[in-house]
Structure formats: structure tokens, C-alpha cells
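Next up is a structure, given as C-alpha cells.
What follows is calculated from the coordinates using simple rules that are stated; it is not laboratory data. Everything numeric in this text was worked out from a predicted model, so none of it was measured. As a convention, Cβ positions derive from the backbone with ideal geometry for all residues, glycine included, and neighbour counts pool all protein chains shown.
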Amino acid sequence: MIWMLVSWFVSVSLSGNVLSGNSNLRMISGMLETGYHTGPARLSWQAKGIYSLQDTVETARSLESALQLDHPLSPRIEFFLLAHGYSDPVARTDYLVDGGAGLKYRFLETPSRELSVSLAPLVSVRKYLGEVPEQSWILSLRPKVEWTTPGGLRFRWLLFYQPSLQDREDVRILSTARLEAPLNRTFHLLLEMEDRYLSRLPAGVKHNDLRITVGLKGTWKSP
């Protein structure tokens, strides 16, 4: 039976904050990750978002999603297909969508450590509030470091450097560092820091967004 050849996982993390009194603040952020592999191929999907309301004013409302298919070509080289979308109306970004294919090279891979880099040309379509959509080509360079200690503490760092191939001053940089500390086989404490930089944005919008998340993550896997 085909389903017996498939290994799957689902991971959910959630954090929130509520303040009531002189100032009323409600904030929630969450992330959902799922994927499976059958034979050598792997398919993964991730979605994360944040919503914040202070009194009656929205101070944050972003949603991000990524879908990726990986297939090894050799023990160290993988081919992948990628689709990514991002929306942040508070930052006047209706949507930003990227898609393409690339190669990943592993310098080091053990059950507890990974050091790799990937490179992919992507077609990008973005639309800012009140502007017409525009299409461009970008180059996505992504180094990755992942390390798990014998006690189960897991650290992961990713950096996406994405310059436009048509305008050298149009650059996107996303850096994410995540630390997970196990509580038991299912639940982990989660600390994540994400720094997002976009050089080209509508007037009045800050180029840098820094997000620090502390929460609880639960992961469920197939036997």
C-alpha cells in the first residue's frame, strides 16, 4: 500500500499577548508546518502569521506561506521547486509572490548537524497598496545551519539574500534564527528571531521589520 511508504509530520506553534486597562492590546502569532517524504522526494508546506490590535487600530496583520518540493540528485546535491507568498497590508504590501527552481548543496549532513547552501533564480510578482503589480527576476541565495544537541536542544539559522537581476539597488534580506528546547517528545519551548529587510517599499514604510517570538510548539510524526 502506497501510504505505508510515506513518512509525514505536522508541527504547530502559537503565542499570544493580551493587555487590558489604560491600553488595550491583543496580539497572536502562529505557525503551521507540515510535510511528507516518499522514497527520496520530500514535500513541505509552511504557513505563519501575526495579528495585533491596539484599542481599535490594527498594528500588525501579516501572512506568509511557502511550498517546496525537494528531490536528491546525489548524496550532496538536491533539486527543488519553490513557491512563496507574503502579505502585509499594514506595511502597504498587498502581496509578494515568488516561484522557481534551484539547487541545494550540503557541505555537512549528519543526524544532528547540517550546513548547506541553495541558489535559485525566481520570478517575483509584487503589488503595493495603490500601485499596479510589477514582475521581476530575483536571485535567491540561502545558507543554512542546523544543529541538535544530544539533549534535544535544536538551533536553526537561515539567511535569504535576494537581489533583483534587473535593479542592483532592489534587495530583500530575511534572516531567521530559531531555538527549540524539548519539554517532552511532543512539545518544545520556542524562541525565534526574524529580521526582514526590503530596500524597495512605498513611501512612509520602514525597510526593516524585527520580530521576536516566544511560544510553545507541538510536533506530531508518523510512526
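Thinking of segment 66-143 as a set of Cα atoms, what percent of all their pairs are more than 21 Å apart?
Above the 21 Å cut-off, segment 66-143 has 40 percent of its Cα pairs.
Based on alpha-carbon centroids, what's the gap between segment 7-44 and segment 173-223 in Å, whole number please?
Cα centroid to Cα centroid, the span is 10 Å.
Here's something else I'd like to know. Which residue, Gly102, Ala177, Ser136, has the largest displacement toward the positive end of the dipole of the chain when charges sit on each Cβ (Lys, Arg +1; Asp, Glu -1)?
Ala177
Normalise the Debye intensity by I(0) for segment 143-223, one equal point scatterer per Cα, no solvent, then take log10 at q = 0.11, 0.20, 0.23 Å⁻¹ and round to two decimals.
Those come out to -0.43, -0.93, -1.08, one per q.
Report the equivalent ellipsoid semi-axes for the chain in whole Å, largest first, defined as the square roots of five times the eigenvalues of the gyration tensor built from alpha carbon atoms.
Value: 30, 25, 16 Å, ordered largest first.
Please compute the contact order of the chain in relative form: average sequence separation of alpha-carbon pairs under 8 Å and at least six residues apart, divided by the residue count, as a percent.
Relative contact order here is 13 percent.
Moving to a separate point now. Work out the length of the dipole vector of the chain about its Cα centre, built from +1 on the beta-carbon of each Lys and Arg and -1 on the beta-carbon of each Asp and Glu, and round it to the nearest 20 debye.
540 debye
Expressed in whole Å with the largest first, what are the equivalent ellipsoid semi-axes of segment 1-102 derived from the C-alpha gyration tensor as the square root of 5 times each eigenvalue?
Equivalent ellipsoid of segment 1-102: 37, 17, 8 Å, largest first.
Loop-only check: which trypsin sites (Lys or Arg not before Pro) in segment 154-223 are DSSP coil with at most 12 other Cβ within 10 angstrom?
Taking segment 154-223 and a limit of 12 other Cβ atoms within 10 Å, the loop trypsin sites (Lys or Arg not before Pro) found are Arg168, Arg185, Lys206.
In segment 103-186, which GluC sites (Glu not before Pro) fall in coil by DSSP and have 13 or fewer other Cβ atoms within 10 Å?
Those satisfying the criteria are Glu131, Glu169.
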